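Take a look at the structure below.
Bear in mind that the values in this text are calculations on the coordinates, not laboratory data. This is a predicted model, so every value here is computed, not measured. Because the Cβ atoms are built from the backbone with ideal geometry, glycine has one as well, and the counts that use them run over all protein chains shown.
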Amino acid sequence: MVNPILHNNKLKKGLYLIPTPIGNLGDITFRAIELLKKSDFILCEDTRVSRKLLDKFEIKTKLISNHKFNEVKNLSKITDLLKNDKIISMISDAGTPGISDPGAVLVNECLKENIDVIPLPGPSAVTTAMSVSGFGEKYLFYGFFPEKEKKIKEKLEILSDLNFCLIFFVSPKKINKIIPHLKNYFEDRKILICREISKYYEEYTRSTLKKLELFENEPKGELTIVISEKKLDKKSSQNLSESDKSNINMIINKLTTREITNLISQSSKVSKNKIYEYCLKLKNEK
């Protein structure tokens, strides 16, 4: 069998993106271990966290700290090493580097400099949570929520009109701040909250947004949440009446598109999608 790491019996030069376990250390792949051992350097977020993983598998490769506060400063040093045919692997504290973790800055710089970037498949909280959700198979991954409440509302208003499952990362300190917004924008959908995926105390909480309550105590461990796709509206074949259009015209500049959609749908047999599309059409014409 041909070794997928080697090229002409030599390790291919470049930057390797190596996923690491999101919980159970046994989830790391044989290929990841071999590559980490053969690398000249390993970029990591927190050397203390990564050292536990490397010690477990007797990996002696030198670590270089590379996190969101120094990754730009590190660019020149790391690309110089790569140009000099050093083999560098990048890992994050958990999961796949570059996905809501440091990595994207260096990847883009390598692409500009024509340095090979080689990704490995492996552990991911996104696909793990989605696979156990029981929801539709089409999904969008957003990542962490914005910091400011205004931005949270703006993003959720856009996302709530897309007919996909939605996946977010949430810190335990912010979950109770986020839940009211989710209830407001996704009231008729289901939710799965995944905590401590693949660890000893892993937990999967299933509910509807309408019934979801705040946590009494701050949960331990990072959370991955999945929201189900939109329910198909059986009224979608109906068209807006002249009365509906007239009402929308009177309030088009006074309320948001979402507010108008929710208001008109309460008394109309027309689907929310058609109301929303009509509102957008009007606003674009003005």
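Would you list which aspartates and glutamates come within 15 Å of Lys60, measuring only between C-alpha atoms, while excluding same-chain residues fewer than 8 positions from it?
Excluding near neighbours in sequence, the set is Glu34, Asp40.
Cβ neighbours within 10 Å, averaged per peptide: list 140-152, 107-119 in order, most packed at the top.
Going by the mean number of other Cβ atoms within 10 Å, highest first, we get 107-119, 140-152.
Give the order of Arg48, Arg258 when sorted by the count of other beta carbons within 10 angstrom, beginning with the fewest. Write down the numbers at each step before the final one.
On the way: Arg48 10, Arg258 19.
If I rank by nearby Cβ atoms, fewest first, I get Arg48, Arg258.
Could you line up Thr79, Thr256 from fewest to most neighbouring Cβ atoms inside 10 Å?
The order, fewest Cβ neighbours first, is Thr256, Thr79.
What are the semi-axes of the equivalent ellipsoid for segment 6-119, taken as the square roots of 5 times the Cα gyration tensor eigenvalues, largest first, in whole Å? Numbers along the way, then the final one.
Values: eigenvalues 82, 59, 29 Å².
Semi-axes (√(5λ), whole Å): 20, 17, 12.
Springs between alpha-carbon atoms under 10 Å, Gaussian network over the chain: tell me which of Gly136, Gly26, Gly103 tops the mean-square fluctuations.
Gly26
Add -39500 (n - 2.57) for each DSSP H run of 4 or more in the chain, then divide by its residues: what number comes out at 222 nm, to the nearest 500 deg cm²/dmol?
On the way: 10 runs with 105 residues, N = 286.
Value at 222 nm, helices only: -11000 deg cm²/dmol.
Taking every DSSP beta bridge with both residues inside the chain, roughly what % is antiparallel (nearest 5)? Kindly include the intermediate steps, with their values, before the conclusion.
Values: 19 of 37 bridges.
DSSP beta bridges in the chain are roughly 50 percent antiparallel.
If the elastic network links every pair of Cα atoms under 10 Å, which of Ile78, Ile197, Ile251 fluctuates the most in the Gaussian network model of the chain?
Ile251
Top mean-square fluctuation among Glu216, Glu58, Glu154, Gaussian network model of the chain, C-alpha springs under 10 Å?
Greatest mean-square fluctuation among the candidates belongs to Glu216.
Under the classification rounded if a/c is under 1.5, otherwise prolate if a/b is larger than b/c and oblate if not, where does segment 242-285 fall, given a ≥ b ≥ c as square roots of the Cα gyration tensor eigenvalues? Intermediate results must be reported in sequence, preceding the final value.
On the way: a/c = 1.41, a/b = 1.34, b/c = 1.05.
Rounded is the answer for segment 242-285, as its axis ratio a/c remains below 1.5.
Can you tell me how much longer the chain between Leu282 and Lys150 gets when fully stretched, taken as 0.36 nm per residue apart minus their C-alpha distance, in nm with one decimal?
Values: separation 132, 0.36 × 132 = 47.52 nm, distance 2.44 nm.
Gain on extension, Leu282 to Lys150, equals 45.1 nm.
For Rg and Dmax of the Cα atoms in Å, which listed value, (1) 19.7, 57; (2) 18.5, 55; (3) 23.7, 74, comes from the coordinates shown?
(3)
Amide H of Ile64: which non-local residues (sequence gap of 5 or more, or other chain) have their own amide H closer than 5 Å, using H built in the peptide plane?
Excluding prolines and chain starts, which carry no amide H, the hits are Ile42, Leu43, Cys44.
On a 0 to 90 degree scale, rounded to 10, what angle separates helix 242-251 from the longest Cα axis of the chain?
70 degrees
Can you give the Rg/Rh ratio of segment 99-145, where Rg is from the C-alpha atoms and Rh is the Kirkwood radius?
Numbers: Rg = 14.3 Å, Rh = 13.2 Å.
Value, to two decimals: 1.08.
Below 8 Å, C-alpha to C-alpha, sequence gap of six or more: please give me the relative contact order for the chain in percent.
Working: 438 pairs, mean separation 45.6, N = 286.
The normalised contact order for the chain reaches 16 percent.
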